[in-house]
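Read through the structure below, which is laid out as structure tokens, and then see the notes.
The values are calculated or read from the model by the stated rules, or taken from the named source; none is laboratory data. What you see is a predicted model, and the numbers here were worked out from it, not measured in a lab. Glycine also receives a Cβ, built like all others from the backbone with ideal geometry; neighbour counts cover every protein chain displayed. The area values use the complete protein model at the heavy-atom level, side chains included, leaving out ligands, DNA and RNA. Shrake-Rupley method; radii C 1.70, N 1.55, O 1.52, S 1.80 Å.
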Amino acid sequence: MAKIPTSPFAELGPKTPVETGTVKRGIYGRYLEEFTEGAIFEHPRELTIDRSFAQEFATTFMEANPLYLSAPYAQAHGFKDLLVSPLMVFNVALSLGVQNDSEKALANLGYYDVQFLKPVYPGDTLSAKTKIIKIDDKGADKPGIVHVRTICLNQNRELVLQYERKIMIYHSNGKPKGTPKPVIKEAFFPETDSPVIELPELKFPKGFETATWTDTYFENFAAGQIYIHQNGRTITDEHFPWTYRVGNTHPLHYDKLYSSGISGPMGGEPVVYGGLVFAWLCGLSSRDVTENVIWDLGFTEGYHTQPSFSGDTVTAITRVLSVKDRGTEFGIPAGEVHLQFIGLKNIKANDAFEKFGADLFLKENDKKKHGKEKLPEKIFEIERKILIKKK
């Protein structure tokens, strides 16, 4: 153990002249011209997910699946401990990348091919890296689109999550730039175009029959069903600390001085970070559709179609698109359920369904070609696949 002598030190401020010409301003994020196709960013900071953090996320975001809440339940099903919620893993991976990827972004345009490949347990440490896939530059006076792939690794450098997203970003056009972390040309980046899910040998234990509801097993789902989730969730200023708790550094989500200087629908009050909205919406559906999920197979193309703000109440609706029996492919009798997931704000899900009906399930970007108007109450849309155990 190092023992270093110390003592009280004298105050220097009053005697030290102020050098107003020596100023440093930390400017973070990248403008469009600062991205290069093929570049890889190794994002600063890692995050160790301890048990209390994992359980607080699961309860705050209304997860009903005991895999994220009960260690004995998860262990009885073959996992070594309770699982960290996939939505928490996703939020951490996305947030750690913000400083390099999107801290100068105007908007996050969508998520693509979200794949959860390995369990994350309390005590695991997550890090993230991003590769720039494509840059769509529409000119200096228009925002461009940066398409990225992000991977999330655990402390053993194992791939636990892979996904893509598209980000809308302006050119700097004379604005001061920062000094972002240099791009690593030959970084370790274990992406895969042939993903494989690595799970322990799953079990179907006895003695947990009352841990979940009886009508959320695979046999209870059929293509065409629509679940109108009855509860909403009012978002408060709690979203400020949660943004930084998962590692997101974009000031749009917690700095009123910054957000008030932005014009348009994203300006005024800080915007709730979309990953948190995503997690709350999934939580609202959990008791109805994901309580008996044994693994989250991921999400395909999805969008935040409207921003959310503190005080908004979010609600959700789920439609079953298809079901597929997977036998014992994953170790226990289970089936795959493919869902379409819709998020709303400031309208009850029942009222939205009565008001808009089938139009809720049309993609907002396709409304124009169908001669339909976009729905201001609709804030999110995505498709999801889940693996649900049988009875």
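Solvent-accessible area per residue for the chain at a 1.4 Å probe radius, Å²?
Details: 18610 Å² over 391 residues.
Per residue, the chain has an accessible area of 48 Å².
Annotation for Asp50 and Leu321: the two label points, set 7 Å from Cα along the Cα-Cβ direction, are 4.0 nm apart. Based only on Cα atoms, what Rg/Rh ratio does region 85-210 have, Rh being taken as Kirkwood's radius? Ratio of gyration radius to Kirkwood radius: 1.07. Per-residue 3J(HN,Hα) values for region 238-248, derived from phi via the Karplus relation 6.51 cos²θ - 1.76 cosθ + 1.60 with θ = phi - 60°, read 4, 5, 4, x, 5, 4, 7, 5, 8, x, 7 Hz in sequence order (x marks Gly and Pro).
FRET efficiency for the Lys80 to Lys256 pair, using the beta carbon distance and R₀ = 56 Å, is estimated at 0.80. Dipole check for the chain: with +1 at the C-beta of Lys and Arg, -1 at the C-beta of Asp and Glu, and the Cα centre as origin, the magnitude is about 460 Debye. Each of Lys3, Lys138, Lys390, Lys166 has its accessible area taken with a 1.4 Å probe; listed largest first, they run Lys3, Lys138, Lys166, Lys390.
Couplings 3J(HN,Hα) of region 7-14, computed from phi: 7, x, 10, 6, 6, 10, x, x Hz, in residue order, whole Hz [Karplus 6.51 cos²θ - 1.76 cosθ + 1.60, θ = phi - 60°; x for Gly and Pro].
Provide the gained length on full extension for the span Gln230 to Glu191, in nm with one decimal, where the gain is 0.36 nm per separating residue minus the Cα-Cα distance.
Values: separation 39, 0.36 × 39 = 14.04 nm, distance 3.91 nm.
Length difference between fully extended and current span is 10.1 nm.
Amide H to amide H distances under 5 Å link Ser322 with His338, where only residues 5 or more positions off or on other chains count and H is placed in the peptide plane.
Counting only protein heavy atoms and a probe of 1.4 Å, the accessible surface of the chain is 52% carbon and sulfur. In order along region 249-255, the Karplus-derived 3J(HN,Hα) couplings, from 6.51 cos²θ - 1.76 cosθ + 1.60 at θ = phi - 60°, round to 10, 6, x, 4, 9, 8, 10 Hz, and Gly and Pro are given as x. For the Cα trace of region 1-43, dividing Rg by the Kirkwood Rh returns an Rg/Rh value of 1.27.
Once the chain from Ile133 to Lys24 is taken as fully extended at 0.36 nm per residue, the excess over their C-alpha distance is 36.0 nm. Put Val23, Val183, Val92 in order of accessible area, highest first, and with a 1.4 Å probe you get Val23, Val183, Val92.
Loop-resident chymotrypsin sites (Phe, Trp or Tyr not before Pro) (DSSP state other than H, G, I, E or B) in region 135-228 with no more than 12 further Cβ atoms inside 10 Å of their Cβ: Phe188. Relative to one another, the C-alpha centroids of region 43-102 and region 325-367 are positioned 23 Å apart. Were the residues from Thr300 through Lys363 laid out at 0.36 nm apart, the gain over their Cα-Cα distance would be 21.4 nm. Take every Cα-Cα pair in the chain and report what % of them are more than 39 Å apart. When all Cα pairs of the chain are counted, 21 percent exceed 39 Å.
What is the dipole size for region 217-332, taken about its Cα centre, with +1 at each Lys and Arg Cβ and -1 at each Asp and Glu Cβ, in debye to the nearest 20? Could you put the intermediate results ahead of the total?
Working: 7 positive and 12 negative charges, 14 e Å.
Magnitude of the dipole: close to 60 debye.
With R₀ set to 45 Å, the beta-carbon distance separating Thr179 from Lys206 gives a calculated FRET efficiency near 0.15.
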